[in-house]
1. Given the conditions (1) without any contact (Cβ under 8 Å) to a residue 60 or more places away in the chain; (2) crowded, with 18+ Cβ neighbours inside 10 Å; (3) of a type outside the set (Asp, Glu); (4) under 21 Å from Glu173 (Cβ atoms), report the number of the one that Lys147 does not fulfil.
2. Residue check: is Asn287 surrounded by 17 or more Cβ atoms within 10 Å (Cβ to Cβ) and farther than 26 Å from Cys24 by Cβ?
3. Please find, among Leu266, Leu217, Leu262, the residue that is surrounded by fewer than 23 Cβ atoms within 10 Å (Cβ to Cβ), touching a residue at least 24 places away in the same chain (Cβ under 8 Å) and more than 16 Å from ligand 1 (Cβ to nearest atom).
4. Restricting attention to region 204-241, which residues are closer than 21 Å to Ala58 by Cβ, more than 11 Å from the chain's Cα centre (by Cα) and within 14 Å of ligand 2 (Cβ to nearest atom)?
5. Glu25 is checked against (1) more than 16 Å from ligand 1 (Cβ to nearest atom); (2) in the same structural domain as Asp194 (by TED's automatic domain parsing) and fails just one. What number does that condition carry?
6. State the number of residues belonging to region 226-253 that are within 18 Å of Leu75 (Cβ to Cβ) and without any contact (Cβ under 8 Å) to a residue 60 or more places away in the chain.
7. Kindly evaluate Gly104 against the criterion of being surrounded by 20 or more Cβ atoms within 10 Å (Cβ to Cβ), in contact with a Cys (Cβ under 9 Å, 6 or more places away or on another chain), in the same structural domain as Arg155 (by TED's automatic domain parsing) and modelled with pLDDT of 95 or more.
8. Go through Ile236, Ile279 for me and flag whichever is among the β-branched types (Val, Ile, Thr) and assigned to a loop (DSSP other than H, G, I, E, B).
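The values are calculated or read from the model by the stated rules, or taken from the named source; none is laboratory data. Keep in mind it's a predicted model, so treat the numbers as computed, not measured. Neighbour counts run over all protein chains shown; Cβ positions are idealised from the backbone, glycine included.
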Amino acid sequence: MCPIGGAAIDAVGDPLPAETTASCEHCDAVFLGAVGGPKWSDPTAAVRPEQGLLRLRALLGVYANLRPVKVINELIPASPLKAAKLAGVDLVVVRELTGGIYFGEKTHDETSASDLCTYHSHEIERIVRVAARLAAKRRGKLCSVDKANVLETSRLWRRVTDRIMSSEFPSIELETQLVDAAAMHLLSRPAEFDVIVTENMFGDILTDEASMLAGSLGMLPSASLGESSRGLYEPIHGSAPDIAGKGIANPCGAIASAAMLLRHSLGLHDDANAVDNAITRAIVAGNRTADIAAQGDRVLSTDAMTDCIIGELVQDP
Ligand code: IPM
Ligand code: MG
């Protein structure tokens with residue numbers, strides 16, 4: 001176990017201490033708890049918890065962030081969307097994770113500030129290949145999301161995507177959507193998406209939106225991968241400081257991230273499926289944390305929900 005984020009700032013003044021980077025570099029997989037909280041949210045602070053996470057992603061070279069969104073029918077009442085929209089929703093957002101505006105030069109003075117957004121074609125090529133290979137194993141549909149009507153980086157994104165897809169993946173159906181339209185379509189016709197590929201910040205925003213399809217931000221896992229099988233695994237949610245210490249957080253996203261770890265870094269596909277199935281069975285059996293409970297449901301604590309999932313796993317591994 002290694003410190004990162006706020007805990008690491010408190011301990012050694014660095015959100016990604018040297019001992020943490022050394023351990024992570026030598027591991028097959030890194031399982032990450034969320035970073036950040038009000039204690040470290042001073043916008044004028046030079047050192048912030050999130051820097052630890054961004055540095056770790058860059059250090060591990062995990063440029064491909066997979067964020068699956070699958071609707072469990074029993075959770076349809078937990079979503080703010082109408083049930084008819086949600087049937088059959090099963091999509092994966094492939095978010096570029098180590099480029100774009102997150103990593104460009106940042107400057108500020110008293111009255112102005114700038115964040116530079118840069119993409120190089122090789123960064124786009126490799127993420128598009130990851131997404132296209134994934135689409136080939138799924139329903140064969142890829143939707144590339146950009147803002148090519150306004151941004152140069154998006155125009156490059158679109159050119160490179162078109163070239164890679166037509167030359168290397170001619171049998172995958174490619175669709176391109178502008179990010180504002182994609183945000184709307186995620187709510188108006190989410191079941192039509194199979195794999196979505198997009199740049200870093202669009203992927204961040206669209207996946208929080210997409211979590212509402214699954215019922216809660218607490219449901220969604222993620223895997224961040226690079227060229228090797230080494231990966232970084234974390235639920236897509238943050239540290240949820242508003243509920244910290246109350247014992248009511250939804251553990252499903254974190255547990256499903258562990259399933260992705262088993263699958264992608266350790267090659268334990270049966271075990272990964274067993275964990276995913278245990279989560280689904282626990283939910284189908286009516287167990288809920290507060291964020292996914294409908295009126296009349298019995299609401300469980302984080303620990304009790306976790307115990308239900310472990311119970312399902314042990315019963316039917
Ligand atoms: C996420 C988070 C992070 C991001 C934050 C904590 C830096 O929102 O993983 O989606 O923006 O990438
Ligand atoms: Mg986010």
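1. Among (1) without any contact (Cβ under 8 Å) to a residue 60 or more places away in the chain; (2) crowded, with 18+ Cβ neighbours inside 10 Å; (3) of a type outside the set (Asp, Glu); (4) under 21 Å from Glu173 (Cβ atoms), Lys147 violates only (4).
2. yes
3. Values: Leu217 fails: more than 16 Å from ligand 1 (Cβ to nearest atom); Leu262 fails: touching a residue at least 24 places away in the same chain (Cβ under 8 Å).
Sole residue among the options that is surrounded by fewer than 23 Cβ atoms within 10 Å (Cβ to Cβ), touching a residue at least 24 places away in the same chain (Cβ under 8 Å) and more than 16 Å from ligand 1 (Cβ to nearest atom): Leu266.
4. Residue satisfying the conditions is Ser239 alone.
5. Among (1) more than 16 Å from ligand 1 (Cβ to nearest atom); (2) in the same structural domain as Asp194 (by TED's automatic domain parsing), Glu25 violates only (2).
6. Count: 6.
7. Working: surrounded by 20 or more Cβ atoms within 10 Å (Cβ to Cβ): no; in contact with a Cys (Cβ under 9 Å, 6 or more places away or on another chain): yes; in the same structural domain as Arg155 (by TED's automatic domain parsing): yes; modelled with pLDDT of 95 or more: yes.
No: the conditions fail for Gly104.
8. Details: Ile279 fails: assigned to a loop (DSSP other than H, G, I, E, B).
Ile236 is the lone residue from the list that is among the β-branched types (Val, Ile, Thr) and assigned to a loop (DSSP other than H, G, I, E, B).
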